[in-house]
1. Take the Cβ-Cβ distance between L183 and N110 as r, set R0 to 45 Å, and report the resulting FRET efficiency rounded to the nearest 0.05.
2. Can you give the accessible area of W227, probe radius 1.4 Å, in Å² rounded to 10?
3. Averaged per residue, what accessible surface does the chain expose to a 1.4 Å probe, in Å²?
4. Using a 1.4 Å probe over the heavy atoms of the protein chains, calculate the carbon and sulfur portion of the accessible area of the chain as a whole percent.
5. What distance in nm lies between label points placed 7 Å from Cα along the C-beta direction at L210 and N38?
6. PRE reach from E234 (point 7 Å along Cα→Cβ): which of the range 96-131 fall under 11 Å by backbone N?
7. Check cross-link reach from K314 to the lysines: straight Cα distance under 23 Å, and skip same-chain residues fewer than eight apart.
8. When only C-alpha pairs under 8 Å and at least 6 residues apart count, what is the relative contact order of the chain, in percent?
Amino acid sequence: MRALITGITGQDGSYLAEFLLSRGYEVWGVVRRSSSENFERIQHIRDQIKLFEADLLDQTSLTRAVQSARPDEVYNLAAQSFVPTSFVQPVLTAEFTGIGVARILEAIKNAAPKAKFYQASSSEMFGKVLETPQTEKTPFYPRSPYGVAKVYGHYLTVNYRESYGMFAVSGILFNHESPRRGLEFVTRKITDGVAKIKLGLTNELRLGNLEARRDWGFAGDYVRAMWLMLQQNEPKDYVVATGKTHTVRDFCEIAFDSVGLNYKDHVVTDAAFLRPAEVDQLTGCPKRAEKELGWKPEVSFSEMVEMMVRADLKRLQPQSTRVVNLGFAKKAAV
């Protein structure tokens, strides 16, 4: 089996590449041409995968990538995925996260029409939620340019499935984190901040809305659900979530407690980090995925948080004169 992954250098792409390699796949990855390479997340498997330069903004390069890889499965994980940036760069976000889906679908339709396609949809599409928990039938109400762009990509995937008979599915994934999450995301910002405070590199962590509630899971679990969707007889969209919510405050409390600190002594609320339009609560209902895919998350919320903190401690330890316990949580590799 051959798989082509856009966004292979990102958090999800790197975990998915590892997973597919473990199942004997030939893995191809799409990477953007840039003046400096950023292959940190896939460096340990770099010699096991094939990379092809292409861009979601360029139709010709995507078509050539599909022609070269001749994939059985295509996973579109590339996007401008940082919600705050989407408010600052809404047009660019629309091009990458929305129109980019149209370009990759066109490339598949013309160059590999039998290939199965996975689109990375997002819980941010629910935005100002109209019901809780959110299911595959919950109406969308996005609250950011990122969420709006994801809705476009989601419905376009449905349209190509129904118009051209393509095996095209969307995974509506709720928040999923790991030590490979970008430092700009709030979860990694917290664990990086905790590690710096524990190591004496700083003394405070400035955050926005501590009461925002999210359904958080481990990225390594969620890529398994992506693969399972493409192994079904019929293409369907699935919500992938834990069904449990926690506040940003909860995340802080567990992260600081894991290193023997009290978050109240270090966390400062800063209005500069509030969104123009906030998403207060997201809670996914994973019943369809559990029943039809046989999927369940294996890493708990607290295990994931502690894993991230310990990975950041290990990464930052050389910058500090302090010595701390660098043991990792029992479950899941970083």
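The values are calculated or read from the model by the stated rules, or taken from the named source; none is laboratory data. Treat the numbers as computed from the prediction; the structure is a model and nothing was measured. Here Cβ is always computed from backbone atoms with ideal geometry, including for glycine, and neighbour counts include all displayed protein chains. Remember, those area values only see protein heavy atoms, side chains included, never the ligands or the DNA or RNA. Shrake-Rupley method; radii C 1.70, N 1.55, O 1.52, S 1.80 Å.
1. The calculated FRET efficiency here is 0.75.
2. Here the residue's solvent-accessible area equals roughly 30 Å².
3. On the way: 14850 Å² over 334 residues.
Result: 44 Å² per residue.
4. On the way: 6990 of 14850 Å².
Solvent-exposed carbon and sulfur of the chain make up 47 percent of the total.
5. The two pseudo-label positions are separated by 3.0 nm.
6. What the label zone holds, given the 11 Å backbone N cut-off, is no residue at all.
7. Straight-distance partners of K314: K189, K196, K198, K330, K331.
8. 17 percent.
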